[in-house]
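Enquirer: Handing you this structure, nothing more for now.
The values are calculated or read from the model by the stated rules, or taken from the named source; none is laboratory data. Everything numeric here is computed off the predicted structure, so don't read it as measured data. Ideal geometry is used to build each Cβ from the backbone, glycine not excepted, and the neighbour counts take in all protein chains shown. Quick note on the areas: whole protein, heavy atoms, side chains included, nothing else; ligands and nucleic acids left out. Shrake-Rupley method; radii C 1.70, N 1.55, O 1.52, S 1.80 Å.
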Amino acid sequence: MEFHGTEVRRKALALARGGARNAEVARTLKVPAGTVGYWLHMERARQGKLPGRHSPLCPRCDGRELDESAYAYLLGLYLGDGHIIQYSAHRVPNLMVVCSDDWPGLMDACEAAMRKVFPDNSVCRVRRTGCHNVKVYSRHLWCLFPQHGRGKKHERPIALEPWQQEIVDGHPWELIRGLLHADGCRITNWTVRLVGGERKRYEYPRYFFANKSQDIVRIYVEALEKVGVEWKATHRTTGVCNVSVARRASVALMDAHIGPKH
């Protein structure tokens, strides 16, 4: 790099310290922009000003403050549609939640929750056919989601840690919202009744949640009971448990706190 001479390098560093961009310095002195970047890097190294390794703090390991409401929602999404994986080419694992393009509001809520729970980490969306994978990268994913393990969730035990249960107890509606956004829906059923000899159509909303993991279903219904929502469960031959909320008062309560996906 000294091919351009010490004087050129000195001028480049002086211009950079004055606020000029690398490209501007390169054009002014007629040297490659990469050479200017290298000179600046070596100068910062000599002065001991290079940034250290990016190492965000963890709520579990370092006692960093945690947005518990956002965490309860993200926990619900993870238990439903999320998984943690570390690719061989990546230095850190990522939490990925698959969000359908039909629900842009849900996708925004997922990304917002990730940014609140991991404020110093990288969050992105990866386009797929009909959906986006919303992802956050962190070395501490396994600290915050100890339910991670080999195999499918319904094939292994899923239990909340005491500290997670405390957060869920404090924010049950956020957990319920996350679980419903992942594996549930709000639909409108209808029926026809005879009233005074005339057939009339009646519509009524209800909420459904379906999952193969009995442990995740248990976590869901325990949260429903905590907020006073009545529910019924049916088991399919496929192994899926379907939890229905149909009573008018309970549906109204769910509408007040959850509502339809959007």
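Enquirer: Just to check your reading of the model, which residue among H181, H262 is assigned to a loop (DSSP other than H, G, I, E, B) and either under 19 Å from the mean Cα position of the chain (by Cα) or basic (K, R) (or both)?
Expert: H262
Yes or no, residue by residue, for (1) within 18 Å of L179 (Cβ to Cβ); (2) outside any helix (DSSP H, G or I); (3) open to solvent by less than 40 Å² (accessible area, probe 1.4 Å):
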| position | (1), (2), (3) |
| --- | --- |
| W39 | no, no, yes |
| C58 | no, yes, yes |
| L74 | yes, no, yes |
| H83 | yes, yes, no |
| C99 | yes, yes, yes |
| G105 | yes, no, yes |
| P119 | no, yes, no |
| V134 | yes, yes, yes |
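Enquirer: Does R21 count as touching a residue at least 40 places away in the same chain (Cβ under 8 Å) and among the basic types (K, R)?
Expert: For R21, the condition - touching a residue at least 40 places away in the same chain (Cβ under 8 Å) and among the basic types (K, R) - is not met.
Enquirer: Here is a follow-up. Which condition number in (1) open to solvent by 60 Å² or more (accessible area, probe 1.4 Å); (2) outside any strand (DSSP E or B); (3) in contact with a helix residue (DSSP H, G or I) (Cβ under 9 Å, 6 or more places away or on another chain) is the one that T237 fails?
Expert: (3)
Enquirer: Residue check, Y207 against (1) surrounded by 13 or more Cβ atoms within 10 Å (Cβ to Cβ); (2) under 25 Å from N94 (Cα atoms); (3) free of Cβ contacts under 8 Å to residues at least 60 places away in the same chain, all met but one. Which one?
Expert: (2)
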